[in-house]
Structure formats: C-alpha cells, structure tokens
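Asks: Input: one structure, supplied below.
The values are calculated or read from the model by the stated rules, or taken from the named source; none is laboratory data. Please read all numbers here as calculations on a predicted model, not as lab measurements. Reconstructed Cβ throughout: ideal geometry from the backbone, glycine too, with neighbour counts over all protein chains shown. Side chains are part of the model used for accessible areas, which takes the heavy atoms of the whole protein and leaves out ligands, DNA and RNA. Shrake-Rupley method; radii C 1.70, N 1.55, O 1.52, S 1.80 Å.
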Amino acid sequence: MTGRAPSSSSHLRLADEFFLVAHNHDAATIVPRLHDTGIELGLAGALLAELVLERRLEIVDGRVIVFDPSPPNDQLAASMLRDIVTEPPHSIRVWLEYLSQDARDKVGSRLHVAGHLAQVRQRKWWGGPAVQYRAVNAEQALIPEVRLHDLLARPHPGLEFTRISMDHKLMQDVTLAALAHSTGLLSALLWYHGPHRARSQLDEMRRALPAPLLELAKQTEAAVGDAVLGRRR
C-alpha cells in the first residue's frame, strides 16, 4: 500500500468530494455506491463545476464558454481548462461525455497525490498488476458525506441566491448535493435518512444556485438518463 497522510490544510475540490461520497470506505478498498456511468458523468460534471465556481468558465445557451483563461492552481483543473480554451465552444453534453472518459482515473490520482487515497496494488486474476484505492484516513474521507447529510437533514429558511453566492463553501456543498441527485447517488446515500424529504430540501436549495451550476446539474442528469436508457435498448 502506498500513500501519505493528508495534511489538515488539504483542500478537497468538488470532484474530490464527489469521488469520496460515491464510494464506500468500510472495506479494504473503496467500493462504488453507483454504476460506472453515474460516477464518471458525475465526476465530469463536478470538474466543469469547479471551473465555474472559480469563474474560469461560464455557461451560455447550453455551451461552455471560457470566462477567464488564467490557469487555476490545481494541475488537473489547469489541464482541463487548457483543453477547453483550445476548442470552439461546445455544448455541456459534449464536454461531459469527453471528460467522463478518464475523469475517474484523474480524480482518483489527484486524491492519491494529495494524500487522501492510498494505492493498493493487487494482481488481476488473469495476470498483471491492478491498482485500487483505499482511504488513508476513513474518518476524513467521510467528512463530505457527513456534511451532505447535515445539509439535507434540516431546513434552510431564507436561502437565496444572494446568500449562497457570498458563501463559496455553501455553494460547493449545494452543487455536490445537486450532482449526487443528478446521478442517482443521493438515494444510495440517504436511503435511511428520508430521501424524499432530502430531495424536497434540495429542490429549494437548487433554486438558489447560480444558473450555470444549475444547468450543469440538469445536463448531467440528462446525460446519465440517456446513457442508462441506451444500455437497456
């Protein structure tokens, strides 16, 4: 097993948090709580949302537009922004499908480099090495999930766009909850905590999100629905 302990100041970005809540950390290695398509598209949506939160991207008429091309401090986000800058404006769906192809590997690697995940090297039954992950600190890995539970377990009267736009962490939390709902992950997380009530709470909070983040959540939900439907045909 390889990995280093995360420092207390390690900052979890939105896609990191989605990756952690999309996996169960009780076993020797992380176990997905959602089908591959949901995780991959959810991570793609979260990566785009990171750049929207940092005002590097905007959503205009369903297309991803570069608002500020200056690179973020995060290496993965900077690499992704470079790709977007070099392309003409594409629709959200195009970028979701493109980014989902390797979002899982890239976000898992980012969490490993940051010290949140350790690599567990195993051997595939047909030979050759296989790399899986486990949380370096399971309690820390559960923090985004605990915060998500707290966010949706109680009402938030007076939550409006003005308030959420002034609180970056709250905006990230609500976006995480919206993406969890869009991918079907919310029911898996809150099955014992009243998922119907949680969705009602989320509906109110989603209305306070800036339009680009809400559109990302809606397009992610549509992409997941189309992918699942396509598999059933």
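Asks: Search segment 93-127 for residues being open to solvent by 20 Å² or more (accessible area, probe 1.4 Å) and of a type in the set (Phe, Trp, Tyr), and hand back the single one that is modelled with the highest pLDDT.
Replies: TYR98
Asks: Can THR29 be described as open to solvent by less than 30 Å² (accessible area, probe 1.4 Å) and of a type in the set (S, T, N, Q)? Let's see the steps before the verdict.
Replies: On the way: open to solvent by less than 30 Å² (accessible area, probe 1.4 Å): yes; of a type in the set (S, T, N, Q): yes.
Spelling it out, THR29 is indeed open to solvent by less than 30 Å² (accessible area, probe 1.4 Å) and of a type in the set (S, T, N, Q).
Asks: Select from segment 135-152 the residues that are open to solvent by less than 60 Å² (accessible area, probe 1.4 Å) and among the acidic types (Asp, Glu) and list them in ascending order.
Replies: GLU145
Asks: Can I ask one more? Please go through segment 160-198 and give me each residue that is modelled with pLDDT under 75, in a helix (DSSP H, G or I) and open to solvent by 40 Å² or more (accessible area, probe 1.4 Å), ordered by number.
Replies: Correct list: PHE161, THR162, ARG163, SER165, HIS196, ARG197.
Asks: Given segment 27-145, what helices (runs of 4 or more DSSP H) lie entirely inside it while holding 3 or more residues that are under 28 Å from PRO210 (Cβ atoms) and touching a residue at least 24 places away in the same chain (Cβ under 8 Å)?
Replies: On the way: elements: 36-53, 75-85, 92-99, 103-113, 138-141.
Once the helices (runs of 4 or more DSSP H) in segment 27-145 are filtered for at least 3 residues that are under 28 Å from PRO210 (Cβ atoms) and touching a residue at least 24 places away in the same chain (Cβ under 8 Å), what remains is 36-53, 75-85, 92-99, 103-113.
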